[in-house]
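Novice: First the structure, which I've put down as structure tokens, then a few questions once you've had a look.
The values are calculated or read from the model by the stated rules, or taken from the named source; none is laboratory data. Given the structure is predicted, the values throughout are model-derived calculations rather than measurements. We place every Cβ from the backbone using ideal geometry, glycine too, and count neighbours over all the protein chains shown.
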């Protein structure tokens, strides 16, 4: 076996790339590479259990890329505090991915006391994670990466998401703390929010929840948005799309309550331009219609100036009430009904205004 043959030290080795698609993941022994690889620059393991990886990383101080894919939960698990301690020695690390295999049941992660000092990863620019929120929270409490410009987070489906540490971690990054635009995307097997900075600057943040049921998708993204309030309050442009895959409009309206749907918009207090596509445009109009009342209309998206809802009927009374309710506050809302040129950034003045 390769692992057996590689129990000797290879002091000139700069890259490791091992992959397995076996149902029972192979386990690398603690004697792999003699426990030392001082010239390593890249490690990529997929479907491989290596529980003593932290020991090897202590010697790989020049590591630039660490990609751990499909980590088996039972044989490859490395606790957040041990992982953070290992990362603290990797002062040149630029790319990090921690990706767990989907578990049959959520693991019982023990929450360790939070350390007063954090590992500072000055070179880390790209971070990707797939797993449960508890693991990521413990890890984020132990590290800082002030020059991150891309974060991609995928959570397994779980009823409650605890990400109070993560927004604090993100706001310590100069390139991610002032997002300008957000896109919420509902697909057949996941819901995702992507937050990006003004055009011409770098920095992108993506949260994804692997889930198939519409009202669970809404619940998950509402929880994430509510806990990311410090970030989302700066967003000026919001797009909500998807929703039609494998589900009819009636399916969405039957299982997603109006108040639950409107909760999605509440963290976006700075949004001036809103674009909601097709099915979800109809759902938004329906939610506004059922919510009714001037007070509720002005609480949702208080800075809103322009709104585009696809498949909107110009005579929709809910939209008329929203426009009327905003008028006295000095924040009238322009409502449009034709296909958006959002992705080309041609400006909301290009849209066809609804005559209310």
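Novice: Give segment 85-97 a look and list any residue that's over 14 Å from residue 37 (Cβ atoms) and buried (at least 21 other Cβ atoms within 10 Å of the Cβ), or say none.
Specialist: Selection gives 87, 93, 96.
Novice: Here's another thing I want to ask about it. Within segment 14-24, does at least one residue satisfy the condition of being assigned by TED's automatic domain parsing to the domain that holds residue 102, out of contact with any strand residue (DSSP E or B) (no Cβ under 6 Å at 6 or more places or on another chain) and under 29 Å from residue 122 (Cβ atoms)?
Specialist: Looking for residues that are assigned by TED's automatic domain parsing to the domain that holds residue 102, out of contact with any strand residue (DSSP E or B) (no Cβ under 6 Å at 6 or more places or on another chain) and under 29 Å from residue 122 (Cβ atoms), one finds at least one in segment 14-24, hence yes.
Novice: Could you check segment 11-29 and list, in sequence order, the residues that are surrounded by fewer than 14 Cβ atoms within 10 Å (Cβ to Cβ) and part of a strand (DSSP E or B)?
Specialist: Selection gives 15, 17, 19.
Novice: Among (1) at pLDDT 90 or above; (2) surrounded by 14 or more Cβ atoms within 10 Å (Cβ to Cβ); (3) within 28 Å of residue 148 (Cα to Cα); (4) touching a strand residue (DSSP E or B) at 6+ places or on another chain (Cβ under 7 Å), there is one condition residue 73 misses while meeting the rest; what is its number?
Specialist: (1)
Novice: Quick check, is residue 46 in the same structural domain as residue 152 (by TED's automatic domain parsing) and under 26 Å from residue 132 (Cβ atoms)?
Specialist: In short, yes.
Novice: Of everything in segment 186-222 that's in contact (Cβ under 8 Å) with a residue 60 or more places away in the chain and within 12 Å of the chain's Cα centre (by Cα), which residue is surrounded by the fewest Cβ atoms within 10 Å (Cβ to Cβ)?
Specialist: 210
Novice: Evaluate segment 129-141: report whether one residue or more is modelled with pLDDT of 90 or more, assigned to a strand (DSSP E or B) and not assigned by TED's automatic domain parsing to the domain that holds residue 82.
Specialist: No, segment 129-141 has no match at all.
Novice: Considering only segment 55-71, state which residues are farther than 18 Å from residue 32 by Cα and part of a loop (DSSP other than H, G, I, E, B).
Specialist: Matches in segment 55-71: 62, 64.
Novice: Among the residues in segment 157-177, are any in contact (Cβ under 8 Å) with a residue 24 or more places away in the chain and assigned to a strand (DSSP E or B)?
Specialist: No, every residue in segment 157-177 fails to be in contact (Cβ under 8 Å) with a residue 24 or more places away in the chain and assigned to a strand (DSSP E or B).
Condition check ((1) outside any helix (DSSP H, G or I); (2) surrounded by 15 or more Cβ atoms within 10 Å (Cβ to Cβ); (3) on the phi < 0 side of the Ramachandran plot; (4) modelled with pLDDT of 60 or more) across all residues:
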{"position": "244", "(1), (2), (3), (4)": "yes, yes, yes, yes"}
{"position": "253", "(1), (2), (3), (4)": "no, yes, yes, yes"}
{"position": "286", "(1), (2), (3), (4)": "no, yes, yes, yes"}
{"position": "327", "(1), (2), (3), (4)": "no, no, yes, no"}
{"position": "335", "(1), (2), (3), (4)": "yes, yes, yes, yes"}
